[in-house]
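First comes the structure, then the notes that go with it.
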Amino acid sequence: MKPHMSMLVQRRHLCTGVAIVASGMAVAEMVRSFSGWTTTDFLASLAAAHLLLSHAHQLYSAQSQAAMEVRLTGQAAHQWVRYIYPPLYAGLLLPLAGLSPNIGLLIWDLFLVGIEFFACSLIAAAAASSSARRPIFFSALAACATTGAGFGIALGQSEAFILLGVAAAMYELSRGREWSAGACLFVTCIKPQDMLGILVVLLLSRRWKILAAWAAGGVVWVASSLVLVGPHAMGQFFSLASHDDNMPFLVLSGGVTGALAQMAQSPLPAYVAAGVILILGAWVLNRYRARLLSPPLLLPTGICLAVAADPKFLAYGALLFAVLLPAVACRSQWAAAAVWVATDLCYIGTGNVVIPVVSPLQVVLNLIPVVAVVALYLWATLGAEDGNPWGTARVSSIGEAAAVGS
């Protein structure tokens, strides 16, 4: 057994303990947030599911969405949440359309928790060494159980589906099945703007099969949307997705680029910084391709870049840390535990993960988790002598990167 794998087995109880404590805190956050179900993303999605059944062409009409939410809650729309996902996503909630919204939210939350658990299992199953799978699973589970991630589940956010798609793609890629890996990324089209990092790493490594299957999934999303709601409603969707006027997400963001938007009180620096980070990230990937563009780390590296550059990274986006934290845990479980504690303390310290950040201290608290996780991921993958949780195969050139796993 390799030395670093032996240490993983000896210290597996650390990740297990952290995961248990983290899960308890996440459940507590979900229970605390459950009382505010009338202003959740789930309610917006449930209203969209009802509109999909009755007035699909009005799916993205502000008046129709607000009226449907009033009908479901029985309350005046003093505050309501806008639905800005593709139409197909609303179809997932059709089985819950006949239930009361609060019961539907409970079932949906349990469903999302099950998805997270399954995603963590897939991440662990992608490991080359069976001895590493248990600590990898529990370190991923701990990342899923931060306060911010728990709040996202309580809101009914979609990050769990994105995590599942990436985890499934990692598993398929570990088996050398590139077409099916790309097909698994179909799920990430729920929020394609958050997946630019994966696009960059796939282009640099010339993974044309994965890209082709992923693009085919995007075509399915667009085609199904046109069939379900029509061209006019899709025009409204793209307008909403690019110019969301319901909530100042850039001011709420806890990411690197979001911190710039908060300090400047303008979205422009965030988008400029996102472009700069993607360009610098591509340079780093090209320089260290032997490690970062190897098949086992291909998708985690893409998530790392996406998290660093995302202008709208909110606290519940910490769910995607589940793809990154296992690499840190395999280098040092103490470092993984420390970054989990820091992440949770920072999100708790902001007072509320979705209230606009107004003080310099809160800007820093929102910034620390992203910077810490990205930095530790690079430390774990670039600094380790022989690798990472998935048994990195070193690749020295673009051609070899495209050949491995084909």
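Quick notes on this structure:
- Restricting attention to segment 331-344, the residues that are open to solvent by less than 10 Å² (accessible area, probe 1.4 Å) and farther than 15 Å from Val371 by Cβ add up to 3.
- Any chance Ala132 is modelled with pLDDT of 85 or more, assigned to a helix (DSSP H, G or I) and under 26 Å from the mean Cα position of the chain (by Cα): no
- Qualifying residues in segment 355-371 (those that are touching a helix residue (DSSP H, G or I) at 6+ places or on another chain (Cβ under 6 Å) and modelled with pLDDT under 80) - the one nearest to Ala125 (Cα to Cα): Leu367
- Failed criterion for Ser64 (all others in (1) modelled with pLDDT of 85 or more; (2) over 30 Å from Gly217 (Cα atoms); (3) not aromatic (Phe, Trp, Tyr) hold): (2)
- Beta carbons closer than 6 Å, at least 6 apart along the sequence or on distinct chains, pair a first residue in segment 214-236 that is within 17 Å of Gln193 (Cα to Cα) with a second that is at pLDDT 90 or above and of a type in the set (A, V, I, L, M, F, W, C) for Trp214/Leu185; Gly217/Phe186.
- Within segment 140-153, residues that are surrounded by fewer than 24 Cβ atoms within 10 Å (Cβ to Cβ) have Cβ atoms under 9 Å from residues that are part of a helix (DSSP H, G or I) in these pairs: Phe151/Ala26; Phe151/Glu29; Phe151/Met30; Phe151/Arg32; Phe151/Ser33; Phe151/Ala315; Phe151/Tyr316; Phe151/Tyr347, counting only partners at least 6 apart in sequence or on another chain.
- Taking every residue in segment 286-307 that is in a helix (DSSP H, G or I) and pairing it with any residue that is acidic (Asp, Glu), at least 6 positions away or on another chain, the pairs with Cβ-Cβ distances below 7 Å are Ala306/Asp194.
- Of the residues Ala233, Ala259, the single one that is open to solvent by less than 30 Å² (accessible area, probe 1.4 Å), out of contact with any Ser or Thr (no Cβ under 7 Å at 6 or more places or on another chain), among the aliphatic types (A, V, I, L, M) and at pLDDT 80 or above is Ala233.
The values are calculated or read from the model by the stated rules, or taken from the named source; none is laboratory data. Owing to the predicted nature of the structure, the values given are computational and were not obtained by experimental measurement. Neighbour counts are summed over all protein chains in view; Cβ atoms, including those assigned to glycine, are modelled from backbone coordinates with ideal geometry. Accessible surface is based on the protein model in full, side chains and every heavy atom, while ligands, DNA and RNA are left aside. Shrake-Rupley method; radii C 1.70, N 1.55, O 1.52, S 1.80 Å.
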